[in-house]
Amino acid sequence: MTVEPPPVIEVLAEGTAPFLPVDPDGFREWVRDHKSRAMASKLVTEREAVERFVADGDYITYECNYLTRGPNLVINEIIRQRKRDLWVAGKFTYVDVGLLVGAGCVSKVDTGFFLATPGVRQALAAGELAIYEYSNVVMSMRLEAGAQGIPFIPVRSFGGTDGFTHSGAKLITDPYTGKPTVIIPALNPDVAVIHVQQADKYGNARIFGTGISDVPAALASRKVIITAEEIISTDEIRSNPGATRIPYWCVDAVVEAPFGGYPGTVPGYYASDPPAVMECFAAVLRGDVQPYLQKWIYGVGSHREMLEKNVGAGKLLDMKKREIVKEGYRA
């Protein structure tokens, strides 16, 4: 039998954008050296979580967005603490990037989708912001590669687009078929921030309903902050282990966060607050987020104080009542 020589892998084209350095072995070393498997409580406040685990210059990914199960409590705290020079994975999002850019927290964005608000365009024109183009699915696949510990992953999309040119993707010859295929660099963020319905004090987390790349983000990131609507007992976690989506050993901080997704909705728990959502949209679409930030973030010391001062128990109760679909959102 004649054995054909393996095809040569040839780079046919490549994007021009910088990307977070790919270092799967370095990430494995980080996990080995920094991720304890001890069953120790990780409960902290949002202030402590951001102070300890979010540093200036970090690459941050967050799951979902300001409107649906978003980690809004931590995003607000990042703004409140005036973190700087962050690189953000802007996927499946709307106003979040606009708020962070308007607050001066972000200098680079890998975009999947977000609103190109006046503030974002102004920051681009002033040279204060760089945007590198991907897509929602490509960004999710980058996290999947990071979680698997591989340096890149092929995708059946993105080639032949303008986005390809402004990304870190490459077009290569597939060594198995000899046809062109797109590969994208793995992503191992410094920090992942994920809001969940339930978690225990160790970080075992349950997510119910629609999600995006919560699990790959947690497994791919060096530091993981979980915020939870409810802190439940570990005995309850153990009673139904199949409901645990994110294991405790990859989590660094757990924040008890009732209404942590406000003003958006957390499915099964509460509906959104439409007037507050529209107020946020209006702020970013006008390109002047400072009054909004002063009212909702800078002018209060914590998420709880914001809820007490600006929202009130009556509206929170109404949000709970308006969330009528609850089946399947608790174990």
Answer residue from region 16-44, given it is in a loop (DSSP other than H, G, I, E, B) and without any contact (Cβ under 8 Å) to a residue 12 or more places away in the chain and is farthest from the chain's Cα centre (by Cα) among those: A38
Subset of region 62-77 [part of a strand (DSSP E or B) and touching a helix residue (DSSP H, G or I) at 6+ places or on another chain (Cβ under 8 Å)]: Y62, N65
Just one of G112, G146 is within 23 Å of C280 (Cβ to Cβ), of a type in the set (G, A, S) and in contact with a helix residue (DSSP H, G or I) (Cβ under 6 Å, 6 or more places away or on another chain); which is it? G112
Being touching a Phe, Trp or Tyr at 6+ places or on another chain (Cβ under 7 Å) and assigned to a helix (DSSP H, G or I), is that true of even one residue in region 78-85? yes
Residue that is nearest to G90 (Cα to Cα) [pool: residues in region 199-213 that are buried (at least 22 other Cβ atoms within 10 Å of the Cβ) and touching a strand residue (DSSP E or B) at 6+ places or on another chain (Cβ under 8 Å)]: I207
Selection over region 218-249 where residues are part of a helix (DSSP H, G or I) and surrounded by fewer than 23 Cβ atoms within 10 Å (Cβ to Cβ) yields a count of 11
Flag for I153 being in a strand (DSSP E or B) and more than 30 Å from F259 (Cβ to Cβ): yes
Quick one: K201 ticks every box in (1) farther than 20 Å from K35 by Cα; (2) at pLDDT 95 or above bar one, so which box is it? (1)
On the basis of being of a type in the set (D, E) and modelled with pLDDT under 95, does D162 make the cut? yes
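The values are calculated or read from the model by the stated rules, or taken from the named source; none is laboratory data. Please read these numbers as outputs of a predicted model, since none were measured by experiment. Using ideal geometry, Cβ is built from the backbone for each residue, glycine included, and neighbour counts are taken over all protein chains shown.
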